[in-house]
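Peer 1: There's a structure below that I have some questions on.
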Amino acid sequence: MASQADTPQIPPGLPFAKGGVLPCGPCLALGVSADGPEKTTSLRSHADVGTSPFAKGGWRGIFGGHNAKTSTATVHIAQRNPSVLPGFHLALGFTIFYLSLIVLIPLSAAFIKTFTLTWEVFWATVSAPRVVASYGLTFRTALLAAGINAVFGLLVAWVLVRYKFPGKKIIDALVDLPFALPTAVAGIALTAVYATNGWLGQPLSEAGIKVAFTPLGILVALTFIGLPFVVRTVQPVLEDLEAELEEAAHSLGATPWQTFAQVIFPTVLPAVVTGFTLAFARALGEYGSVIFIAGNMPMVSEITPLLIITKLEQYDYAGATAIAVVMLVASFLLLFAINALQWWARRRRGLEGA
Amino acid sequence: MSALAPAVPHLTGHASPRTHGVARRVPWVPIALTSAALAFLALFLLVPLAAVFVEAFRKGAAVYWKAVIEPDAVSALQLTLLAAAIAVPLNLVFGVAAAWAIAKFDFRGKSLLITLIDLPFSVSPVISGLIYVLVFGLQGWLGPTLAGFDTQVIFAVPGIVLATIFVTFPFVARELIPLMQAQGREEEEAAAVLGASGWQTLWHVTLPNVKWGLLYGVILCNARAMGEFGAVSVVSGHIRGLTNTLPLHVEILYNEYQFAAAFACASLLAFLALITLAIKSAVEQHATAA
């Protein structure tokens, strides 16, 4: 690819290509956003910067002034032209090759393996009472944990964006701990804390609430691992919130609560829902942090991923795969929902920004 | 974000609209909300984190040190570092290639490709391990062939590396794609028409522009690579000194009721997690300052 240094690829579609003058990307962008595409010919005088500033590293100073706003304004125009940039086939080819090798082919193995089962066997496996009980438990605890995280995630994001208190930066950084801490470590730590002789487990068990080795323990673990999702999706939206809106609500006589409920909450709602769905999806498949605290009693506190492990340990690969396929289909549906939600959130934010 | 706090202090502190902008502060609302948020975080984050270190040193520094320098623990740490050292660079190269193709060019099926790249995030870790067993296991597609060459993937190091690559697959790409899309392609086009080759453009124009996002993705990728448990657990076989990563070693010690030793090894991983968070917030501050 280094051989292309002397002959930059200029597709015939570009307006400048015929005149023998090098088109200048940033100037083209600025010209388009300022005057519309038909006036860009006036920019030919800029072509003298194209002698070879690149080799000297001087281009940054020349083009440094062009900012994100001009580039977004020209995106829809630039996309009509084929790109002058090289490396498309190499980059896309490698992307698809690597994606297929690591993700698509192994994932398809799960679906193909289930075809070795007859429908009756497949159905008997995935609808066995112990398996169905695990779906219910996994679904309920994941949903509840995501709900807790939606409420408290919004609260934490609000406090981090709006209030000042000592140690705020450290707290802000610590919110990501569940992403950084290995799930097994989280699992044994939560078990130690919430066991009947633990720091929190002891007072709770004296009050008659047993957490570790019950479904409540699963809820605690799933709340832990889903904690950052809502905070991190809501935080940027709250930061971008325009102060004018709240000031307008205030000057129109709204109480703080009315301002929150009718101005702020509808704006952050898409982010809350997105964070909720991400936390829910993560909780559905979670394994490492749960198995230590769950107690893993069949029908009571046994999550679906653990059932897959159990079947694997009995060399029942087909049975394990059948349950895995049910989970995969559920998580693909959720992934689809997440994408739709983010599209909705973007549109909503775009509309309100306009 | 702290810059916003002084800009809108009255919004949460005023008592009544009839005070005509002279905000009579009701400090109990911020105090109550902050206390509730901090109590929640303390309960779910700080207490478990503190418990790791307290439990690790419960039987004294000598027991801690013995658990950490034990040969099985050292080889588990080495395997953890090896898996991360292979998975992170591969996913880094993939992330740059995918972001280059997606952000700098137009083609059909782009949003499908983005969704497929995100796929490993929505797959349970246990299933991530299972699919490699189905491909490379003795009853799998390639297992018998590999056995013919006397090669083993499952219950061996290659399987652990593959499972780690799978679970950390989207991290770098996911950071870079939106960033490079937002930056547009004018700078690269300028470089290209001024005579830069593709590699020169990538190296001197694109990568300097995205370096903070790249570093951010690598840090998250690395943290997950070193901490992955479920997927690695399925493909590992738990052979001590051979196919045990540090998180698996923690599990084995814990299940053998060697709690102090388990928490000692867990504290190493927790320490790595804290370093990750420190680097991450430093990177974030650089990125917003830049």
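The values are calculated or read from the model by the stated rules, or taken from the named source; none is laboratory data. These figures come from a predicted structure and were not determined experimentally. When we count neighbours, we look across all protein chains shown, and the Cβ atoms used for this are built from the backbone with ideal geometry, even at glycine. Note: areas computed on protein heavy atoms with side chains; ligands, DNA, RNA excluded. Shrake-Rupley method; radii C 1.70, N 1.55, O 1.52, S 1.80 Å.
Peer 1: Of the residues that make up the stretch A:86-93, is at least one open to solvent by 80 Å² or more (accessible area, probe 1.4 Å) and either touching an Asp or Glu at 6+ places or on another chain (Cβ under 6 Å) or over 30 Å from residue A:220 (Cβ atoms) (or both)?
Peer 2: Yes, because at least one residue in the stretch A:86-93 is open to solvent by 80 Å² or more (accessible area, probe 1.4 Å) and either touching an Asp or Glu at 6+ places or on another chain (Cβ under 6 Å) or over 30 Å from residue A:220 (Cβ atoms) (or both).
Peer 1: Okay, moving on. Say we look at the stretch A:232-248 and pick out the residues that are more than 21 Å from residue A:278 (Cα to Cα) and open to solvent by less than 60 Å² (accessible area, probe 1.4 Å); which of these is farthest from the other protein chains (Cβ to nearest Cβ)?
Peer 2: So the residue we want is A:248.
Peer 1: So the check is Cβ under 9 Å with 6+ separation or different chains; which pairs have a first residue in the stretch A:285-306 that's more than 12 Å from residue B:230 (Cβ to Cβ) and without any contact (Cβ under 8 Å) to a residue 24 or more places away in the chain and a second one that's open to solvent by less than 20 Å² (accessible area, probe 1.4 Å) and in a loop (DSSP other than H, G, I, E, B)?
Peer 2: A:296/A:302; A:296/A:303
Peer 1: Return the only residue of B:269, B:274, B:253, B:248 being at pLDDT 90 or above, within 14 Å of residue B:77 (Cβ to Cβ), under 16 Å from the mean Cα position of the chain (by Cα) and assigned to a helix (DSSP H, G or I).
Peer 2: The conditions single out B:269.
Peer 1: With the checklist (1) open to solvent by less than 20 Å² (accessible area, probe 1.4 Å); (2) without any contact (Cβ under 8 Å) to a residue 60 or more places away in the chain; (3) at the interface with chain A (Cβ under 7 Å from one of its Cβ atoms) in hand, flag the one item residue B:98 doesn't pass.
Peer 2: Against the list (1) open to solvent by less than 20 Å² (accessible area, probe 1.4 Å); (2) without any contact (Cβ under 8 Å) to a residue 60 or more places away in the chain; (3) at the interface with chain A (Cβ under 7 Å from one of its Cβ atoms), residue B:98 comes up short only on (2).
Peer 1: Would you check if residue B:215 is under 20 Å from residue B:68 (Cβ atoms), open to solvent by 40 Å² or more (accessible area, probe 1.4 Å), among the hydrophobic types (A, V, I, L, M, F, W, C) and more than 8 Å from chain A (Cβ to nearest Cβ)?
Peer 2: Here the answer is no, as residue B:215 does not meet what is asked.
Peer 1: Next question. For the stretch B:228-245, give me each residue that is in a loop (DSSP other than H, G, I, E, B), more than 9 Å from chain A (Cβ to nearest Cβ) and open to solvent by less than 40 Å² (accessible area, probe 1.4 Å).
Peer 2: Across the stretch B:228-245, the qualifying residues are B:237, B:241, B:243, B:244, B:245.
Peer 1: Looking at B:190, B:182, can you tell me which residue is facing chain A (nearest Cβ under 8 Å), open to solvent by 50 Å² or more (accessible area, probe 1.4 Å) and closer than 22 Å to residue B:207 by Cβ?
Peer 2: Testing whether each residue is facing chain A (nearest Cβ under 8 Å), open to solvent by 50 Å² or more (accessible area, probe 1.4 Å) and closer than 22 Å to residue B:207 by Cβ leaves just B:182.
Peer 1: If you don't mind, there's one more thing I want to ask. Only one residue in A:169, A:113 is charged (D, E, K, R) and closer than 26 Å to residue A:278 by Cβ, so which one is that?
Peer 2: A:169
Peer 1: Can you confirm whether the stretch B:53-67 contains a residue that is more than 7 Å from chain A (Cβ to nearest Cβ), surrounded by fewer than 24 Cβ atoms within 10 Å (Cβ to Cβ) and either touching an Asp or Glu at 6+ places or on another chain (Cβ under 9 Å) or closer than 25 Å to residue B:210 by Cβ (or both)?
Peer 2: Checked the stretch B:53-67: no residue is more than 7 Å from chain A (Cβ to nearest Cβ), surrounded by fewer than 24 Cβ atoms within 10 Å (Cβ to Cβ) and either touching an Asp or Glu at 6+ places or on another chain (Cβ under 9 Å) or closer than 25 Å to residue B:210 by Cβ (or both).
Peer 1: Exactly one condition in (1) out of contact with any Leu (no Cβ under 6 Å at 6 or more places or on another chain); (2) away from every other protein chain (no Cβ under 14 Å) is not met by residue A:272; state its number.
Peer 2: (1)
Peer 1: Of the residues A:148, A:62, A:77, which single one is more than 7 Å from every other protein chain (Cβ to nearest Cβ), modelled with pLDDT under 90, open to solvent by less than 70 Å² (accessible area, probe 1.4 Å) and outside any loop (DSSP other than H, G, I, E, B)?
Peer 2: A:77
Peer 1: Something else now. List the helices (runs of 4 or more DSSP H) inside the stretch A:207-260, counting only whole elements, that have at least 2 residues being touching a residue at least 24 places away in the same chain (Cβ under 8 Å), in contact with a Gly (Cβ under 7 Å, 6 or more places away or on another chain) and under 23 Å from residue A:182 (Cβ atoms).
Peer 2: Output list reads A:215-240.
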